């Protein structure tokens, strides 16, 4: 949220064997790099999976999202094998949890990328790390913020959230992917099937609307 605020001011871990068996096998027997998909209505495909476990619809979703999720994970710092693993874990979760998808709240792309991001975060949290050195300067606490500063930041963040809620859905979506999912403009373009210029234009328009609604934050 504070990354977005700054921009406005300035202009289950590894899938188990049983879970993998439940996913249409045609989706899992090829390397991600070889998968291709045609033109899709991604929301409708996901709804078809949710309503009737439509295997053909899921195969199309898998073909579209598998390479994009893998690229997203590589950007987040995963190695090649981990990126592919998390992408497959996310798509297994899509097959299993499609009934939870609510198209009125998010597009298929936003929902699926959020699943992948959360899986990656869980993986990082559960990874074994060496015990931290309490004498490391990184662990020396910074000076506490003044109470007034914290209150002002919270108020500004709340105002930004309210302003975002007034945006058209297409502008909300690109902001969410950019600032909450940490996706580049190019990745958003690929995920949503939009020209890069359209993505940039929607983000610019969203910033203008937010600034217009808020006035200049003090």
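The values are calculated or read from the model by the stated rules, or taken from the named source; none is laboratory data. From a predicted model like this one, the values you see are computed outputs, not experimental measurements. In this analysis, Cβ positions are derived from the backbone assuming ideal geometry, glycine residues included, and neighbour counts consider all displayed protein chains.
Data for the structure
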| item | result |
| --- | --- |
| In segment 99-111, the residues that are touching a helix residue (DSSP H, G or I) at 6+ places or on another chain (Cβ under 7 Å), surrounded by fewer than 22 Cβ atoms within 10 Å (Cβ to Cβ) and part of a helix (DSSP H, G or I) | 99, 110 |
| Residues that are surrounded by fewer than 21 Cβ atoms within 10 Å (Cβ to Cβ) and either at pLDDT below 90 or closer than 23 Å to residue 177 by Cα (or both), drawn from segment 33-49 | 33, 34, 35, 36, 37, 38, 39, 40, 41, 43, 44, 47 |
| Any hit, segment 112-123, residues being over 16 Å from the mean Cα position of the chain (by Cα) and either modelled with pLDDT under 90 or surrounded by 13 or more Cβ atoms within 10 Å (Cβ to Cβ) (or both) | no |
| Some residue of segment 138-155 being part of a helix (DSSP H, G or I), at pLDDT 90 or above and within 22 Å of residue 172 (Cα to Cα) | no |
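Quick grid of which residues meet (1) surrounded by 21 or more Cβ atoms within 10 Å (Cβ to Cβ); (2) part of a helix (DSSP H, G or I); (3) modelled with pLDDT of 90 or more:
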site: 58; (1), (2), (3): yes, yes, yes
site: 66; (1), (2), (3): yes, yes, yes
site: 69; (1), (2), (3): yes, yes, yes
site: 78; (1), (2), (3): no, no, no
site: 87; (1), (2), (3): yes, yes, yes
site: 90; (1), (2), (3): yes, yes, yes
site: 93; (1), (2), (3): no, yes, yes
site: 97; (1), (2), (3): no, yes, yes
